[in-house]
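A.B. asks: Have a look at this one before I ask anything.
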Amino acid sequence: MTISPEAETTAPAAPPIGKLTRPDNLSTTLDVSTMVDPDGGLVDRGIFTEEAVYRQEMKRIFARSWLFLAHEDQFKRPGDFFQTFMGEDPILVSLNRKREIKAFLNSCRHRGARVCRADFGTTKNFTCTYHGWSFDLDGNLANVPNEYAYGENFDKKDWGLVEVPNVQSYKGLIFGNWDPNAIPLEEALGDLKWYLDAFIDRDPEGTTVVGGVMKWVLDGNWKLAAEQFGSSPL
Ligand code: FES
């Protein structure tokens, strides 16, 4: 997605490299259907406490859903960035020089350290504090100290940041999805758009985001927070 003025076509991300495969037995599917009784209005408490259920949710919900990242008003100048999460993945959202909004996994392609430790700001590049690899605003690996030490086959173009493949916005709200084949954002929002419109279009002059970001840390399962907004008065 782009922030006006009009941007040029985005260069394709670097192709995946390497020969790693993950064994099938690391991904088992848990049947949780008996833990919810919609007719009786009951849920097993384990849906809030069982780690296996939580891990499955990270893979089967958060890894393939549209997740809110930020608002377009947070990105005025190229290099403006904001750090957030998709599930447990730390994510950098930034505006590149073509005024395109990009989202990257905040994890260095060398040993996995974070390449940015600030919540938000403006930068020319993201530099890992471990061994100094530096990435440009398109996620490309731009500079490697002592590059000769990584061998003659080392090619910086193979080691850019992992990019969130699907980033789209709705009325200024930016969402990301790890699934490159996900249905379009507006289709996924469905009837929820009515509620968003009621909030965003309240003023004929539109909605502008000002100030910083307020955060709360809830030391509990993610569904506990969601449930507070959706529960009945009983
Ligand atoms: S972990 Fe980032 S440069 Fe080594």
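A.B. asks: Find the residue count for the stretch 107-125, including only residues that are in a loop (DSSP other than H, G, I, E, B), touching a residue at least 40 places away in the same chain (Cβ under 8 Å) and either of a type in the set (S, T, N, Q) or more than 16 Å from the ligand (Cβ to nearest atom) (or both).
C.D. replies: Within the stretch 107-125, residues that are in a loop (DSSP other than H, G, I, E, B), touching a residue at least 40 places away in the same chain (Cβ under 8 Å) and either of a type in the set (S, T, N, Q) or more than 16 Å from the ligand (Cβ to nearest atom) (or both) number 4.
A.B. asks: Moving on. Look through the stretch 132-152, keep the residues that are out of contact with any strand residue (DSSP E or B) (no Cβ under 7 Å at 6 or more places or on another chain) and part of a loop (DSSP other than H, G, I, E, B), and return whichever of them is nearest to the ligand (Cβ to nearest atom). Give the derivation first.
C.D. replies: Filtering the stretch 132-152 down to residues out of contact with any strand residue (DSSP E or B) (no Cβ under 7 Å at 6 or more places or on another chain) leaves 132, 140, 144-152.
The next check asks that each one be part of a loop (DSSP other than H, G, I, E, B); those that pass are 132, 140, 144-146, 151-152.
On the way: G132: 6, N140: 15, V144: 8, P145: 8, N146: 11, G151: 15, E152: 19 Å.
Here the answer is G132.
A.B. asks: Same structure again: Can you tell me which residue among A198, A182, A226 is closer than 23 Å to D89 by Cβ and outside any loop (DSSP other than H, G, I, E, B)?
C.D. replies: A226
A.B. asks: Can G206 be described as without any contact (Cβ under 8 Å) to a residue 24 or more places away in the chain and assigned to a loop (DSSP other than H, G, I, E, B)? Please lay out each step first, then the result.
C.D. replies: Details: without any contact (Cβ under 8 Å) to a residue 24 or more places away in the chain: yes; assigned to a loop (DSSP other than H, G, I, E, B): yes.
Criteria met by G206.
A.B. asks: Going residue by residue through the stretch 78-90, is there one that turns out to be within 16 Å of the ligand (Cβ to nearest atom), surrounded by fewer than 19 Cβ atoms within 10 Å (Cβ to Cβ) and either among the β-branched types (V, I, T) or more than 30 Å from D31 (Cβ to Cβ) (or both)? If you could, list the steps in order and put the result at the bottom.
C.D. replies: Going through the stretch 78-90, the residues within 16 Å of the ligand (Cβ to nearest atom) turn out to be 90.
Add one more test, that the residue is surrounded by fewer than 19 Cβ atoms within 10 Å (Cβ to Cβ), and what stays is 90.
The next check asks that each one be either among the β-branched types (V, I, T) or more than 30 Å from D31 (Cβ to Cβ) (or both); those that pass are 90.
Within the stretch 78-90, one or more residues are within 16 Å of the ligand (Cβ to nearest atom), surrounded by fewer than 19 Cβ atoms within 10 Å (Cβ to Cβ) and either among the β-branched types (V, I, T) or more than 30 Å from D31 (Cβ to Cβ) (or both).
A.B. asks: Just checking, which of K223, K215 is under 30 Å from E57 (Cα atoms) and exposed (fewer than 10 other Cβ atoms within 10 Å of the Cβ)?
C.D. replies: After applying the criteria, what remains is K215.
A.B. asks: Are any of the residues in the stretch 153-160 of a type outside the set (D, E, K, R) and within 12 Å of the ligand (Cβ to nearest atom)?
C.D. replies: Yes.
Bear in mind that the values in this text are calculations on the coordinates, not laboratory data. In this text the structure is predicted, and so the values were computed from the model without any measurement. Positions of Cβ are generated from backbone atoms using ideal geometry, with glycine treated the same way; all protein chains shown enter the neighbour counts.
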